[in-house]
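*Asks:* This structure is in structure tokens; I'll ask about it shortly.
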Amino acid sequence: MKEIIKLSFGSSSDNFDEEIEMNGHKIHIRGIGVDYDFDLALLIVKKYASECDAFALSGFILDIKQQNKTHVHAMVKAIREAAGDTPVLDGNMLRKAAFPWALKKFIDQEKHFLSNKTIAFYTGLVQWNILPFFQEHDCKLVFGDLFFSMGVPVSINGLKGLDTFLKINAPILSRMRLKKKIKRDFSAVETKSIAMKSFFDADIFFITESQLKFTELNNLEGKTVIIDRLSQDSEEKLIKAKAQRILILFPSYANLPHLSTSVIEAILHVTHPRGILTEEDILDYLQTFEIQPRIQTNELAESKIDHFAFIIHPLSKNQIAQIPGLSFLNKSPLLDLAENLAAKVPGHHYCTITGIKSEFDGKEVEGHLYMIPATPKMLLTTPVEKVYDSLSNICSLAHKRGAKLIGLGAYTKIVGDAGVTVNQRSPIPVTTGNTLSAAATLWAASFGIEKMGLVHKVDGRFDGTCMIIGATGSIGKICAKVLANQWKKIVVVAPRPYKVLELVSLLKAFAPEAEIIGTTNPNKYSGESDLIVTSTSAQGEKVIDIELIKPGCVVCDVSRPFDISLEDAAKRPDILIIASGEVELPGNVKIDKTIGLEGETVYACLAETALLTMEGLLESFSLSRELSYEKIIQIDRLSRKHGIRLSSIMGHTGEIKEIEIDLCRQYALENLKKKAT
Amino acid sequence: MFEPLSRQNRHDPMNILVIGGTGFIGQRLVRSLSHKGEKLFLLVREGSLEKAKKTFHDLSSITFLGGDIEKTDLLTNLFSAGEVLNEIDCVIHLAAVYQLDVSFQEAYLKNVIGTQNVLKFLGRLPNLKYFHFFSTYAANQVLKGNLLEDDLIKEKSNFFDNYAKSKNLAENLVRKNVSKKYQTIVHRPGIIVGNSQTGERDNDNGPYYFFDFIQNLKKLPIVRDKLKHLPLPVQKASMMPVVPVDTLVDWCTHIILNPKQRQLSTYHLIPKQPISTKDFLEQSMKCLGLPLEIICIPKTKFFSPLFRLLRIPKELVFYMEQAAHLDRTNLNTDYPQLIEPEFKTYLPILIKEYLRTKT
């Protein structure tokens, strides 16, 4: 039988005896807590060194690393000397490999976990095995060492600050003898110490289980805690502090609660065939036992309602004049100036959407809309880095408000790289919402075609022509792909010829049964098209000659501002012009301010953000200019699941009623008859 | 006076392992159990084996086993431990260091790790039915409130003496390791004093320090000749739950031989009506020829140097301050037949023996 003594600096109320079997060896593990009495610890080591095969340390201050220097704490040094030939394991080798690896595994699943976050370490001086990992990720570090070690309520910012602190204090700290238990009460200084504000404002807190025993925690409401191991006592303590999420790096085995990193190292050491534990052995262990990090959510602290955010902006300078108090700008020469000035105003919380409730499981979500008061013109002409900064700042604000996902509306998703950079800089995942926008377009198109009743299916395909203007854009491309499987003839239109040719080639391979034609001139095929989907960034400039469009055609105008102007639409009562992309959310939805749509209708991109939050799919579902066919299918399925549906069909001036569709159809039939004759 | 207690519904003798059987209470308990016909095994350190055999030479029902509770593996001798282990159905653990002024390190090694080793050892006894652990009434060492027998404070940091602290830690361990395979009975004796019939004792611990204190006071002419009242920092409500060793042994014997069917039982082994500290001191002073009345005053810093001068250990301060009421409901309910001698009847015997050994 191998004997291991786990020597804990803490309370002896945790003393234990356990027998396990590992690698064919029977091992007795004895836990002894010395109640913070170092003389007792030394006595025990001297007395039992000849009776045990290894000591495993817990709760002692271990190595303090400062740049290239390692300070071994005097207490640990004395223990090693007292133990003589009996090895003393401290778990550092295992922690050095296991903790960063566990964190990495977790971040692979939750990519935004550390992005732009502030991580607070209650004490960083012994965390040298994990600090380099945080340094690699774009997060701020703040340390509570001055308070934890010395009771001075000042936080240390960044690794440089920690290094400076260690340079001065490591020699003292490594000789400091803890004679009695000193608990640092962070809650006592939380509201009093301005010098520790950056610490308490952190998003994520890092602590080890040993350190937790010396700590009275501050309020952790809404915060995430990273801890090495989680015992029941520790869990209770963190829940009491209202920690919302707890990331546990190293598993605690329910039937072997005392299996700490130092004990595992000791076990590996005593069962090693050569009796010398190396880093290679640690790697083998980690691979064999597949250590997995675990996230635990505090259901008591967790809000039952999840929050998302969405960024909107005025679609024209005229909308600036609609802001209360600014109506005098309407048609005024000052409007241009106002447009310029408004773009300089930082983004701010605009309104809240409440009452969104899934029809599937009753899950409630709330949305926070943030306004960036820049028109499309200003967004496209402002240096892109400034726009990224503005959007990233809003993401941070939303995160602080508790949003788990943020969507980009209208032109905020068009500027630059269509959300990619903003997503990288955001503490929460970002989505453009384009997938649901594309799906909503297709729903609207399908609805319109059905209601007009002028095109019919033959062999499962609409026996007619479908044209997509702006087909190489993200929404246009995906619409082209879906429609290519539904229509006999597809015409794709875009301004750049090489892009058109590329898309034609792709569609021919994707839908070989359809006739695919590419052009830069929409007017060439508008006279034969039964369905036109237009999704451009023309900013209200004319993209098609309304007079040439075939009577009875259904036009889905996805763009904002519209590609088909009000004037042009009025010229053709025989064309059904649908302003698609608007949907309704499930539940008793209330929006406390106008967002330019009637009733509770919302933009499809906003709906996507809400939908993903309802589903718990908190990821960058739609990003960059590329959309995925599979994701369209998925979002369609999720929409049906949770109850997101096309709202009443909206035209340029409002809802299109059934009677209006009937009238349109009549006009269309008349004009088609005239054309035929 | 009081009647000897006997085992009700007598069954076959138990095979009892006693750990700490050569100590002050242990020796007497061993004899008492032996006289009841129980088969006894005594765990004794190898170096103390000969002395133990001499002490119990007149008892035939004792088997000696070599072992040191400070060692991780308790049984270290050459006896056929295997067969013995199968026979044991009851373990009594009262081995401890119990001086008030013991160092924490020593108290921890013997009382905490010793207990931990015993608990581990219990797992090797396949037929164990009862485990009796001797704690102390001072395991909580609180000054106020009503202390129930089932109460035990965890992670308490402010003890008056290391002995009480170590017993608190040890009892916490025992409670943490309560097993479904055997019953655990925790005995919390009060302040043990000498035999109520003979005054015989092993050392001058605890309340005997007060006798020393009184003797030292008598040497002061102003106290001896002038004073009628003596102001002392004693809480009016403070209690001295003294129990003569023979009474304690009698009670424990009865409990051991008549266990209740419960996974864990805890008993405050104290008098039904403990004497107050004031009365204890006044009656002791009277017996020792210094009939002063005590005036209870609040404790001030002035008394610390005075106590040092009069050689009163600081650990005794607890006795003067502790006013917590020690509940005895479990004991009253489970063993209502236990009786005790009156303090005023055996105090003169204690003091007589004290004076005899001091001269």
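Where a number appears in this text, it was derived from the coordinates with a stated rule and is not lab data. Keep in mind that what you see is a predicted model, and the values were worked out from it rather than measured. Every residue, glycine among them, receives a Cβ derived from its backbone with ideal geometry; neighbour counts consider all protein chains shown.
*Asks:* How large is the dipole of chain A about the Cα centre if only Lys and Arg carry +1 and Asp and Glu carry -1, each at its Cβ, rounded to the nearest 20 debye?
*Replies:* Dipole about the Cα centre, nearest 20: 1260 debye.
*Asks:* Taking 0.36 nm per residue of separation and subtracting the Cα-Cα distance, what length does fully extending A:GLU567 through A:LEU617 add?
*Replies:* Length difference between fully extended and current span is 13.8 nm.
*Asks:* If you don't mind, another one. Which whole number gives the average count of other chain Cβ atoms within 10 Å of the Cβ atoms across peptide B:114-125?
*Replies:* That works out to 2 on average.
*Asks:* Within 10 Å of each Cβ of A:27-40, how many other protein chain Cβ atoms are there on average?
*Replies:* Shielding by partners across A:27-40 averages 3.
*Asks:* With Cβ to Cβ distances under 15 Å as the rule, what net charge do the other residues near A:ARG80 carry (K, R +1; D, E -1)?
*Replies:* -3
*Asks:* Ranking B:ARG175, A:ARG640, A:ARG95 by Cβ neighbours within 10 Å, fewest first, what do you get?
*Replies:* A:ARG640, B:ARG175, A:ARG95
*Asks:* Using Cα positions and a limit of under 17 Å, work out the lysines in reach of A:LYS657, with same-chain residues fewer than 8 apart set aside.
*Replies:* Within the straight-line cut-off, A:LYS657 pairs with A:LYS451.
*Asks:* Roughly how compact is the stretch A:314-389, stated as its Cα Rg over 2.2 N^0.38 Å to two decimals?
*Replies:* So the Cα radius of gyration is 1.42 times the expected 2.2 N^0.38 Å.
*Asks:* Which of A:LYS167, A:LYS237 has the fewest other C-beta atoms within 10 Å, and how do the rest follow up to the most?
*Replies:* A:LYS167, A:LYS237
*Asks:* In addition: Any aspartates and glutamates with Cα under 19 Å of the A:LYS357 Cα? List them, leaving off those in the same chain fewer than 8 positions away.
*Replies:* The reachable aspartates and glutamates, counting only those whose Cα sits under 19 Å from A:LYS357, are A:GLU302, A:ASP306, A:GLU366, A:GLU582, A:GLU584, A:ASP592, A:GLU600, A:GLU608, A:GLU615, A:ASP636.
*Asks:* Along the charge dipole of the protein assembly as shown, which of A:GLY460, B:ALA96, A:SER115 sits closest to the positive end, that is, farthest toward it, with unit charges on the beta carbon of Lys, Arg, Asp and Glu (+1, +1, -1, -1)?
*Replies:* Sorting the options by dipole projection puts first B:ALA96.
*Asks:* Another question, then. Beta carbons within 10 angstrom, averaged per residue: use that to sort the peptides A:48-59, B:200-211, highest first.
*Replies:* The peptides rank, most packed first, as A:48-59, B:200-211.
*Asks:* Could I ask something else about it? With +1 on each Lys and Arg Cβ and -1 on each Asp and Glu Cβ, and nothing else charged, work out how big the dipole of the stretch B:115-189 is about its Cα centre, in Debye to the nearest 20.
*Replies:* Roughly 340 debye, rounded to the nearest 20.
*Asks:* Along the Cα→Cβ direction, 7 angstrom out, place labels at A:LYS673 and A:GLN322. What is the inter-label distance in nm?
*Replies:* Result: 4.0 nm between the two label points.
*Asks:* Taking the Cα-to-Cβ direction at A:LEU380 and at A:ASN68 and moving 7 Å from each Cα, how far apart do the two end points lie in nm?
*Replies:* So the two model labels end up 5.7 nm from each other.
*Asks:* So, counting K/R as plus one and D/E as minus one, what does the shell of residues with Cβ under 11 Å around A:GLU19 add up to?
*Replies:* Around A:GLU19, the charge tally is 0.
*Asks:* While we're on this one: Work through the residues other than B:GLY21 whose Cβ is under 11 Å from its Cβ and net out their charges, Lys, Arg +1 and Asp, Glu -1.
*Replies:* +2
*Asks:* Ok, one more. Taking the alpha-carbon centroid of each part, what is the distance from the stretch A:598-677 to the stretch B:287-359 in angstrom?
*Replies:* What the calculation gives is 90 Å, centre to centre.
*Asks:* Looking at the calculated P(r) for the stretch B:290-357, what percent of the C-alpha pair distances fall above 20 Å?
*Replies:* Result: 60 percent of Cα pairs exceed 20 Å.
*Asks:* Would you mind giving the average projected area, over all directions, of the Cα convex hull of the stretch B:237-359 in nm² with one decimal?
*Replies:* 9.7 nm²
*Asks:* Report, for chain B, the % of DSSP beta bridges that are antiparallel, rounded to 5.
*Replies:* Approximately 5 percent, going by the DSSP bridge assignments.
*Asks:* Further question on the same structure: Relative to the first principal axis of the alpha-carbon coordinates of chain A, what is the inclination of helix A:474-484, with its axis defined by its Cα atoms, in degrees from 0 to 90 and to the nearest 10?
*Replies:* Relative to chain A, helix A:474-484 is tipped by roughly 60 degrees.
*Asks:* Compute the distance in nm between two label points, each set 7 Å from the Cα along the Cα-to-Cβ direction, one at B:THR333 and one at A:GLN109.
*Replies:* With each label point 7 Å from Cα toward Cβ, the separation is 4.8 nm.
*Asks:* While we're looking at this one, here's another question. Among B:VAL30, A:PRO153, B:ILE214, flag the residue with its Cα farthest along the positive direction of the charge dipole of the protein assembly as shown, charges on Cβ as +1 for Lys/Arg and -1 for Asp/Glu.
*Replies:* Going by the charge dipole, the pick is B:ILE214.
*Asks:* Let me ask something else. Determine the principal axes of the Cα atoms in the stretch A:514-639, then give the extent along each, sorted from largest to smallest and rounded to whole angstroms.
*Replies:* That gives 46, 35, 24 Å along the principal axes, largest extent first.
*Asks:* For the residues A:ASP530, A:ASP39, what sequence is obtained by ranking on other C-beta atoms within 10 Å, fewest first?
*Replies:* A:ASP39, A:ASP530
*Asks:* Within 10 Å of each Cβ of A:13-19, how many other protein chain Cβ atoms are there on average?
*Replies:* Going residue by residue through A:13-19 and averaging, the value is 6.
*Asks:* While we're looking at this one, here's another question. Quick one, can you get me the convex hull of the C-alpha atoms of the stretch B:49-156 expressed as volume per residue in Å³?
*Replies:* Once divided by residue count, the hull of the stretch B:49-156 is 158 Å³.
*Asks:* Let me ask something additional. Which log10 I(q)/I(0) values does chain B give at q = 0.09, 0.12 Å⁻¹ under the Debye formula, counting every alpha carbon as one identical point scatterer?
*Replies:* Log10 of I(q)/I(0), two decimals: -0.51, -0.90.
*Asks:* With point charges of +1 on the Cβ of Lys and Arg and -1 on the Cβ of Asp and Glu, referenced to the Cα centre of the stretch A:212-296, which listed residue (A:PHE250, A:SER260, A:LEU238) lies farthest in the positive direction of the dipole?
*Replies:* Going by the charge dipole, the pick is A:LEU238.
*Asks:* Additional query: Rounded to the nearest 500, what is the 222 nm mean residue ellipticity of the protein assembly as shown from helices alone, with -39500 (n - 2.57) per DSSP H run of 4+ residues and division by all residues?
*Replies:* -10500 deg cm²/dmol
*Asks:* Then there's this: Helix A:158-173 versus the longest principal axis of chain A: what is the Cα-based angle in degrees, 0 to 90, to the nearest 10?
*Replies:* 10 degrees
*Asks:* Using only Cα atoms, tell me the angle between helix A:497-510 and the longest principal axis of chain A; keep it within 0 to 90° and round to the nearest 10.
*Replies:* Orientation of helix A:497-510: about 80 degrees from the principal axis.
*Asks:* Determine by what factor the alpha-carbon radius of gyration of the stretch B:163-216 differs from 2.2 N^0.38 Å, reporting the quotient.
*Replies:* Ratio of Cα Rg to 2.2 N^0.38 Å: 1.64.
*Asks:* If Rh is defined by the Kirkwood formula over all Cα pairs and Rg also comes from Cα, what ratio Rg/Rh do you get for chain A?
*Replies:* A ratio of 1.11.
*Asks:* Just for chain A, what percent of DSSP beta bridges are antiparallel, to the closest 5?
*Replies:* So the antiparallel bridges in chain A amount to around 35 percent.
*Asks:* To two decimal places, what compactness ratio does the stretch A:465-509 give when its Cα radius of gyration is scaled by 2.2 N^0.38 Å?
*Replies:* 0.98
*Asks:* Taking a threshold of 20 Å on the Cα-Cα distance, which of the pairs B:LYS219/B:LYS286; A:LYS26/B:LYS176; B:LYS218/B:LYS358 fall above it?
*Replies:* A:LYS26/B:LYS176
*Asks:* For the stretch A:464-581, what is the charge dipole size about the Cα centre, in debye to the nearest 20, if Lys and Arg each add +1 at the Cβ and Asp and Glu each add -1 at the Cβ?
*Replies:* The dipole of the stretch A:464-581 has a size of about 340 debye.
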